[in-house]
Each structure stands twice: as C-alpha cells, then as structure tokens.
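Let me begin by presenting the structure, written as structure tokens, before commenting on it.
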Amino acid sequence: MNGQEDAANQFIQQELNADQSNLILGEVYLVGGGPGDPELLTLRALRLMQQADVVLYDRLVSDAVMELVRRDAERVYVGKRRSEHAMEQENINQLLVDLAKQGKRVLRLKGGDPFIFGRGGEEIELLAQNNIPFQVVPGITAASGCAAYAGIPLTHRDYAQSVRFVTGHLKSDDPNVSWPELANPTQTLVFYMGLVGLQDICQTLIANGRAATTPVALIEKGTRPDQRVFVSDLTKIVDMICDQDVHAPTLFIVGEVVKLHSNLRWFNE
Ligand SMILES: C[S@@+](CC[C@H](N)C(=O)[O-])C[C@H]1O[C@@H](n2cnc3c(N)ncnc32)[C@H](O)[C@@H]1O
C-alpha cells in the first residue's frame, strides 16, 4: 500500500467512525416507582435512577422516591391530574424518542407499575417503532402496596379466590364492563382512580347483586407516612368519608377480605 492509499483508507475509516457516532442512540428506562414508600423500589429501578441523564416523572411519584434520582439529572415534570395535563400523552411519547435520539439515557419514572393503568405500553410502542432501545422495570402497583400496608390480604382461602383490578373511570352503563361479574362475592375488587365515582361504583355494585353489607376500604396515600384507611361497607362508605377531606391518590378495595384489616393492621399503628 503506498502513502496515498494509506491516507485514503485512514480518511474512509474516520468517516465510518463519524457515521457510527451519529448513530449512537440513548436508551429509555420505563421504571415503576411504586406507591410511595421509597423502600419499595426494586434494586434495578434504583440502579437505573442513578445512571439516567434526564428523568420524566409523573404526579404519583413520591418526593421520597424523587430524592433517589441522580442529583444532576435533568428533571421534567409531565404529570396529569383529572383535567389538567402538564404534557399531552403524544408529546411525552415523542419526547422520549427525541431525547434518546440525542444519545441520552432517559428515565421514564411512573407511579406504581408502568403496565397497570399506567400507559406504559403506549409509551414504548413509539420507541419500538423508532428502534430505540428500552427496558421495562416493574414496580409495586398501588393494589399490592396499599393492601399490604393496610393489612388486607387481597386473596385468602376463606374469603376470596380471585382479585380483579378495575378502573374507577367506568360508568354504570358502560357496555365494556360486565357488572354482574363484579358481583361475585368470593372475588376481591380493587378500584383505581375511584374517588370521584365512589358513590356510583357502590350503588351499581349493589344494583348488580353484590351484598350491601360487603366490607370496603378506602386507602388514601397508601404506604406513605400520612396513609389513612377508612373501613365501612358498600352503603356507608360515602357518608363516612364525606367530612374527612380525603384527597387523591386513593384506592378502593371491595370484598370480605377487608374484614381482616382490624386484626392485621400494622402500619402507622
Ligand atoms: C393512573 S393510576 C396509576 C396506577 C399505577 N400505575 C400503579 O400501578 O399503581 C392512578 C391511581 O393509582 C392509585 N394509586 C396510586 N398510588 C397510590 C397510593 N399511594 N395510594 C392510593 N392509591 C394509589 C389511585 O387509585 C390513583 O388514582
């Protein structure tokens, strides 16, 4: 190889390297931050929280969990309340793609588990379409966290053989909901986002055959230091909480297992 060929080869190699560096993509970590208590994070969640360059986080991620994100990571709040969205879902999806294309390690931190009423699936669909590498880290969902910290086993051989997670945004005449199935007395129901529709949920369950005396628990800010648990039945819970200044997030558990709370309660006692 003469000197000219040598120089040409060197030039081509440099160009190839430059091309490859343009192709270096970041990565997205879709991580479940659990219901609030930071000690409920997985080790994998914590490791990825420590190595991210930028974090997009939701309203339900507790301050105590946010404390554990890498100090110098950029923080972007993208949370939603019922009527007020800091950022529309499509924009969040696109931002994840754009940041990863800039070569960043992006932490998408969500309350609870990203795949349970968390739109985690929608967020990684666009990443998959764009060939952006991602990983998903499960979190403790509110049902598991709140039930454990309220001393309410969601299943129990004597009382409930199955458990069902239901969105509280359903309507009594929603054709997609089989209300008679929800009336099965040996099934525990866990309603997410159920505070606003609480009265409707209770009335519709009774109208579809669930016993009016079925025990229920409303858990406010589960697993957090200010957790409160209100125990009653399907007919009385709304009256019980009406002057208690209850705020989201709350979880509503319906079923015979709620009876166990009086003996099994342990947190904040
Ligand atoms: C949009 S869903 C997200 C659920 C989340 N992905 C999970 O797996 O827990 C939000 C609902 O989760 C429930 N929730 C989340 N954290 C909670 C907590 N610490 N205490 C009570 N309910 C909680 C509430 O019902 C709230 O309205």
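Exactly one residue among 196, 216 is within 16 Å of the ligand (Cβ to nearest atom), crowded, with 18+ Cβ neighbours inside 10 Å and within 24 Å of the chain's Cα centre (by Cα), and that residue is 216. Restricted to the stretch 30-110, the set of helices (runs of 4 or more DSSP H) holding at least 2 residues that are within 16 Å of the ligand (Cβ to nearest atom) and open to solvent by less than 80 Å² (accessible area, probe 1.4 Å) comprises 63-66, 89-101.
For the stretch 167-191, the set of residues classified as in contact with a helix residue (DSSP H, G or I) (Cβ under 7 Å, 6 or more places away or on another chain) and within 16 Å of the ligand (Cβ to nearest atom) consists of 168, 188, 189, 190, 191, listed by residue number.
When residues in the stretch 119-143 are screened for being open to solvent by 60 Å² or more (accessible area, probe 1.4 Å), in a helix (DSSP H, G or I) and within 13 Å of the ligand (Cβ to nearest atom), 1 of them pass.
Please indicate, with yes or no, whether at least one residue in the stretch 234-256 is crowded, with 19+ Cβ neighbours inside 10 Å, among the basic types (Lys, Arg), away from the ligand (no atom under 16 Å from the Cβ) and at pLDDT 95 or above. No; the residues of the stretch 234-256 include none that is crowded, with 19+ Cβ neighbours inside 10 Å, among the basic types (Lys, Arg), away from the ligand (no atom under 16 Å from the Cβ) and at pLDDT 95 or above.
When residue 52 is tested against (1) at pLDDT 95 or above; (2) hydrophobic (A, V, I, L, M, F, W, C); (3) over 23 Å from residue 95 (Cβ atoms), only condition (3) is not met. Does residue 163 meet the test of being part of a loop (DSSP other than H, G, I, E, B), open to solvent by 50 Å² or more (accessible area, probe 1.4 Å) and closer than 30 Å to residue 41 by Cα? No: the conditions fail for residue 163.
The values are calculated or read from the model by the stated rules, or taken from the named source; none is laboratory data. All of these numbers come straight from a predicted model, not from anything done at the bench. No Cβ is skipped: glycine too gets one built from the backbone with ideal geometry, and neighbour counts run over all protein chains shown. We work out accessible area using only protein heavy atoms, side chains counted, and drop any ligands, DNA or RNA first. Shrake-Rupley method; radii C 1.70, N 1.55, O 1.52, S 1.80 Å.
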